[in-house]
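The structure appears right after this line, and notes come after that.
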Amino acid sequence: MTTQVPVPVAGSWDGLIAQAGVDGTSDIFGQLFLAFIVAGTLVGVVVIAYTLQKAYKNRSEDGETKSDTPDMGEIPPLEGGGKGKKLFLSFGASAVIVITLVGWTYFAGFIPMEQGPSEQQVEDQLDVTVTGFQFGWRFNYPDGEESLGRLTVPNDTVVRFDVTSDDVMHNFGLPYFDRRSDAIPGQITEMWIYPQETGTYTAKCYELCGSGHSQMAAQVEVVPKNEFDNWGNGTEQ
Amino acid sequence: MAHAESDEHEDHMPSKSSIKRWLTTTNHKDVGILYLITSIFYLVFGGVLALLIRLELLESGSTILSGAAYNQVVSAHGLIMLFFFISPFAFAFANYFVPLQIGAKDLAFPRLNALSFWLYFFGGALFGSSFFLGGGSFSGGWTMYAPLNSPAYMPAVGSTAAVLGVMLFVISTTVSSVNFLTTLHSMRAEGMRIRDLPIFSWSILLTVWMMLFAFAALLAALILMASDHIIGTTYFTTTVAGSGSFLWLHLFWFFGHPEVYIVLFPALGVLGEIFKTFTGNRLAGRKWIMIALGLVAVQSFIVWMHHMFLTGLNFQTKTLFMATTIAISLPFDLMIFGFIYTMIKGKIRLTTPMLYGIATLVLFIIGGITGVFLGAIPLDYNLRGGYWVVAHFHYVMFGGAAALVGAIFYWFPKMSGKMYNRTFGKIQFATFFVGFNLLYFPLFFAYEMPRRVFVYETSIKMYHNIATVGGFILGLSVLMIVGIMVHALKYGDDAGDNPWQAWTAEWSVSSPPPLENFSGTPSFKSGKLSMLNPATDGSGTEAETDGGHAVEEEHTDHASLTPFLISLSMFVMFLGLSGVHQNVQALHDGDPATTATIAPLYAAVAGIGGVGMLLSLVWFGFEGFSAPAPLNVNKWPFEGVEQNKLGVWIFLLSDIVVFGAFIGASIFMRFAYGWQEWYQDLIPEAHVTMPGLINTYLLLTSSFAVVMALVAIEKNSKKGLVGSLVATFALATGFLVNKGLEWQHLFHISTDAFPEGWGLGTNIASSTFYLTTGMHGLHVILGMLILVFLIYRAWFDDAYMEDDRPVEYFGLYWHFVDIVWLFLFPLFYIL
Amino acid sequence: MSDSNWKLYTAIFGVLFVFATIQAAVEMMGFLDSAYWLAVGAIAVLSVIKAYFVAAYYQHLKFEPRSVTYLVLGGLVAVMFLTAAASFSIT
Ligand SMILES: [Cu+2]
Ligand SMILES: [Cu+2]
């Protein structure tokens, strides 16, 4: 129903992404998150420190207010206390930071995330249907294999999920792979991961779905390619 | 719609120490105090639930709560804090101080103001009682996502009761919005243009504008959900293309995002007042702050899908809503800098309210920055549904509420006449601030943990344990507020009229202010507050320094029991409705035998409530009541629109949004199903155009009859007036009879496609048809009730020949109902 | 409602009556089967015109300050945007 949309900057998106320093196969979330943390902390510390410094420096030592406060019940002049220029300078700076940051995530993160690595980038791709139900996860592989509560995927392969639900809304989340996706009855939501390391991870449900929501987890096994039973059936895209 | 609040009775208000006073008061300051006390009760209620959550999270896994109980607790915590605490808390101050700031004696419709309060009060009572009805309270989270919210997954009587409790609250907010908008647009004293509003009143103006639209969408969503529960429609269980889930998501978040600002804006307004007062400066860039607030209010309605980035929206939609989301963050930057720069060249008194003001800025900056993370889609893909969101919105919304706590410390001396112990205040602040940050900051580090679960990895146990400690410190600080206020009421010194040397108009009157606020007619025409023809009877600024616990001596007929009674009977009716559902389902399953055995008790309760409501509405209509006279000095942009008419139009506007949402829901569901397949698959042959056409004729003619009633008044013909109104009534009756016959027929058809008839729950097409036209039918019935009143008054009291406004305003409503039908007819009978 | 012209109101009533009949006729004469979207468009336009007449004259919006009209349009725009954006988002 969704995604797999033609990317508007098709043709040039590889270039854009390369420019932004992230390619579709790397740890997009980790890099963006770090950048946001750094920028956010910086801005936050500066602004809060400035606020507190002003409050402290201008504090009233005798507990009295200014001698020239406005008259009781005054109609204030529209401009109020002035300082318009300063206001717009800081506003401009903050706007630049926010727009740059979020714009960068758009090109460096959003676009590559929507499509995932192409087959030129990563040859091996696997489709798995994930169905949430009260309270567990079912996984269907292209060869007709089905498993409950345990997802097995090959390493070094792009795994594409079609996420849906049998009953209420759930959310299929893979914290280790930094990706979550809603599971909605009657529709399919797409997401992908690109495991780089074998191991055992967990899938959790990130949307309140009923009394068993807390326990609604599944095991995710990333196995070496040659151990993956279903290999060979799921490569066609 | 009868605002005939003009009779001049001379009556004494009962003493403040009598219960009767508080049940019957309509004075905006009394209502403000009622809001304040009730909302603090819900702060404690919601806070106890929060502490239950924190205790449960001390250890991973179910310890003190089961999964089901935990879900009820998180859901109730969210719903109570958002609906029954923050907004009413803010509106305590709005009620008390907006009229004072704009130089008005009261709100435009004092009885409706009392009605707002009592609807809120009983909405909360119904919500609270939901825990004790069968099956416990609602357990689908405060976001109430579909289809978990539908009776298939949440059949308990208690969960329906909780939804209906919220619905009562939403009705209350609609009444409030109409009242405050009319007040702010038509009751400002001479010389105060809309742009001259003090920042708090400006923030309330924008808040109520947002409320009018946003809560109308929520009301529509709740009605659809309640109808799934009570009469068995299938909106949210429809899974074709995920349409049921998406319908809820869209309606809910169209409300939900503005709701964030609805709870935040009053806090920002308070922040502005506090910063002005305690820096001694005017707001820096006041104009820009006001414009920024206005921009945000408008923009808040075009960002809702950023809550749905994980639902698989298409690429273009995600891009668009990411852009609008960045755009809405920008005016906030401007605002925040405006507040910060207000401190420049100030002489800042670090009183308790000012400490709260600064703290709010700090908390809000943290909340804002962490919110930008969520607006960036690639980050949202790994943050939504987890503790990052939890931490972020508590910083934004509860951080905003910190300013409202500051508002208590700011305005308490004005409201009570007493000054609290300032050292206690600062200790309370420190406790609050430390508790707050200990509670919420660690939660950012738990961002990989899903919200609303109690299972977590040991690696984040430390964060949860710190948070739990913080939670209890924060809880303690809330109790300290109550303690400090009670202490001040008993032992506090007199605060004087203007303890903070502030300069908005509320500080020009005595503390507490006299019943009618000002001792003359306030005017701002000279550029500052002055009194025209000041009264000399001593109820003015210098009187009442002794605290005012004595019987108030002012006299006007300001008391009415009907708001209380209307709300009480609605509570009873909704309580009954919450359990009646098996009843109705059995009926439309064509099995009336079980009807008598299932829920007769609930049905009876609902019936009693309905009758009670009818009787109290009649009383409301006939009761003599004196409202403050409209000022009609400056009403921009509604010059020349009479005050009651303005109220009617604003109410109709909210109704437009409610009906628009119903119609939009039908279109959306049909679009998702397949526009033409819908007609072929879901609608029986028997559903023909003719009954709809006949009803169109009937309704059009009835509209014409109302127009003729006004013509008759102009021709001074009482018979013509009564005749036209009776004709309107008769045509409306015809409309309902025709509809009834049509429905009966459709219920009982038996074809290959619909062997069991075409009932409410047959499919989504029948659901949209019955619900939407049924809601319209309810409007017709409501109009007929008003008609009975009008006909009675016209016939027996010779009313309206001098003053035709009630008939005219009824006409506005009736024509609106007509127009709605003009769109329902093609949508449900032709296409 | 200043010096009302009841003839005007009667004429409008007539127009409304006829338009409703036309709308039904479009369906009964099978236009919906032959040119569905054209017929839908025609029916929608007729409804809008009818609503305009009722609002402008019976509710005398035409004679109120324009701000009241903007109020009403504001509500309409909001719900139409909601419906359109919601429908588009699931395509
Ligand atoms: Cu779940
Ligand atoms: Cu939002």
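The values are calculated or read from the model by the stated rules, or taken from the named source; none is laboratory data. Remember, it's a predicted structure, so these values are computed and weren't measured experimentally. Note: ideal-geometry Cβ built from the backbone for every residue, glycine included; neighbour counts use all protein chains shown. For accessibility, only protein heavy atoms count, side chains too; no ligands or nucleic acids. Shrake-Rupley method; radii C 1.70, N 1.55, O 1.52, S 1.80 Å.
Just round it to a whole percent: the fraction of Cα-Cα distances in region B:331-399 exceeding 21 Å. Could you put the intermediate results ahead of the total?
Details: 836 of 2346 pairs.
Roughly 36 percent, once rounded to a whole number.
Got a number for carbon plus sulfur as a percent of chain C's accessible area, 1.4 Å probe? Spell out each step's value before the answer.
Details: 3400 of 4480 Å².
Its accessible area is 76 percent carbon and sulfur atoms.
Based on the alpha-carbon gyration tensor of region B:626-685, what equivalent-ellipsoid semi-axes (square roots of 5 times the eigenvalues) come out, in whole Å, largest first?
Working: eigenvalues 393, 24, 11 Å².
Calculated on Cα positions only, the semi-axes equal 44, 11, 7 Å.
Report, largest value first, the span of the C-alpha coordinates of region B:404-505 along each principal axis, in whole Å.
56, 27, 20
Give me the 1.4 Å probe accessible area per residue for the protein assembly as shown, excluding ligands and nucleic acids, in Å². Working shown, then result.
On the way: 39860 Å² over 1159 residues.
About 34 Å² of surface per residue is accessible.
Could you please tell me the mean projected area of the C-alpha convex hull for region B:242-330, averaged over all directions and given in square nanometres to one decimal?
Working: hull surface 25.6 nm².
The number I arrive at for region B:242-330 is 6.4 nm².
Calculate the dipole size of region A:124-232 relative to its Cα centre from +1 charges on Lys and Arg beta carbons and -1 charges on Asp and Glu beta carbons; express the result in debye to the nearest 20. Provide the component values of the computation, followed by the final result.
Numbers: 7 positive and 17 negative charges, 69 e Å.
Using only the charged Cβ atoms, the result is roughly 320 debye.
Net charge near B:Glu273: determine it from the other residues with C-beta under 13 Å of the C-beta of B:Glu273, scoring Lys and Arg +1 and Asp and Glu -1. Can you show the working numbers first?
On the way: positive: B:Lys276, B:Arg282, B:Arg286, B:Lys414; negative: B:Glu506.
Value of the local net charge: +3.
For chain B, what Kirkwood radius comes out of the mean inverse Cα-Cα distance, in Å? List each step's numbers first, then the result.
On the way: mean 1/r = 0.0355 Å⁻¹.
Across chain B, the inverse of the average 1/r is 28.2 Å.
When the accessible area of region B:676-831 is split by element with a 1.4 Å probe, what percent falls to carbon and sulfur? Could the numbers behind the result be given before it?
Values: 3760 of 5900 Å².
That share works out to 64 percent.
Of all the stretches in chain B, which is the longest one without any exposed loop site, taking trypsin sites (Lys or Arg not before Pro) in a DSSP loop (any state but H, G, I, E, B) with at most 16 other Cβ atoms within 10 Å? Intermediate values should be presented prior to the final figure.
Working: sites that count: B:Lys16, B:Arg193, B:Lys345, B:Lys525, B:Lys715.
With trypsin sites (Lys or Arg not before Pro) excluded where exposed in loops, chain B gives B:526-714 as its longest stretch.
Please give the residues from region B:803-831 for which the solvent-accessible area of heavy atoms, probe 1.4 Å, is smaller by at least 40 Å² with all protein chains in place than with the chain isolated.
B:His815, B:Ile819, B:Leu822, B:Phe823, B:Ile830, B:Leu831
Give me the Kirkwood hydrodynamic radius of region C:1-59 in Å, from all C-alpha pairs, to one decimal place?
On the way: mean 1/r = 0.0797 Å⁻¹.
Evaluated over region C:1-59, this radius sits at 12.6 Å.
D for the protein assembly as shown, whole µm²/s, Stokes-Einstein with Kirkwood Rh over alpha-carbon pairs at 4 °C and 1.567 mPa s: what number? Working shown, then result.
Working: Rh = 31.4 Å.
My calculation gives 41 µm²/s for D.
Considering only protein heavy atoms and a 1.4 Å probe, what is the carbon-and-sulfur percentage of the accessible area of region B:310-378?
Values: 1060 of 1330 Å².
Reported share for carbon and sulfur atoms: 79 percent.
If I take every Cα pair under 8 Å that is 6 or more residues apart in chain B, average their sequence separation and divide by the length, what percent do I get for the relative contact order?
Dividing the mean separation by the residue count of chain B yields 18 percent.
Just to be sure I understand: if you take the accessible area of chain B alone plus chain C alone and subtract the pair, with a 1.4 Å probe, what total do you get in Å², rounded to 100?
On the way: alone 31650 and 7040 Å², together 33770 Å².
Using a 1.4 Å probe on protein heavy atoms, the buried area is about 4900 Å².
Once you have all Cα-Cα distances for region B:37-163, histogram them in 10 Å bins from zero and send the whole-percent values.
Percent of Cα pairs in each bin: 12, 36, 29, 14, 7, 1.
Tell me, what is a quarter of the convex hull surface for the C-alpha atoms of region C:38-83, in nm² with one decimal? Before the final figure, lay out the partial values.
Working: hull surface 14.4 nm².
Average projection, Cα convex hull of region C:38-83: 3.6 nm².
With just the Cα atoms defining each centre, how far is region C:48-91 from region B:462-516? Give it in Å.
That distance is 45 Å.
Please report the antiparallel percentage of DSSP beta bridges with both residues in region A:124-232, rounded to the nearest 5.
Working: 26 of 40 bridges.
The antiparallel fraction comes to roughly 65 percent.
Which residues belonging to region B:124-147 lose at least 30 Å² of 1.4 Å-probe accessible area when the assembly is complete, relative to their chain isolated?
Residues passing the criterion (a loss of at least 30 Å², heavy atoms only) are B:Tyr145, B:Pro147.
Note down, for region B:676-831, the three equivalent ellipsoid semi-axes (square root of 5 times each alpha carbon gyration tensor eigenvalue), biggest first, whole angstrom. Mind showing how you got there, number by number?
Working: eigenvalues 272, 34, 27 Å².
Three semi-axes, in Å: 37, 13, 12.
Computed on alpha carbon atoms, what radius of gyration and Dmax characterise region B:117-272, expressed in Å?
17.9, 58
Which value, in nm² and rounded to one decimal, describes the direction-averaged projected area of the C-alpha convex hull of region A:115-210? Don't skip to the answer; put the middle values down first.
On the way: hull surface 23.9 nm².
If I average the Cα hull's projected area over directions, I get 6.0 nm².
Give the A-B buried accessible area in Å², both sides summed, 1.4 Å probe, nearest 100.
Details: alone 14720 and 31650 Å², together 37840 Å².
Protein heavy atoms only, the A-B interface buries about 8500 Å².
Treating cross-link reach as a plain straight distance, find the lysines whose alpha-carbon is under 19 Å from the alpha-carbon of A:Lys83, omitting any fewer than eight places away in the same chain.
By straight Cα distance, A:Lys83 reaches A:Lys54, A:Lys57, A:Lys66, B:Lys276, B:Lys287, B:Lys345, B:Lys347.
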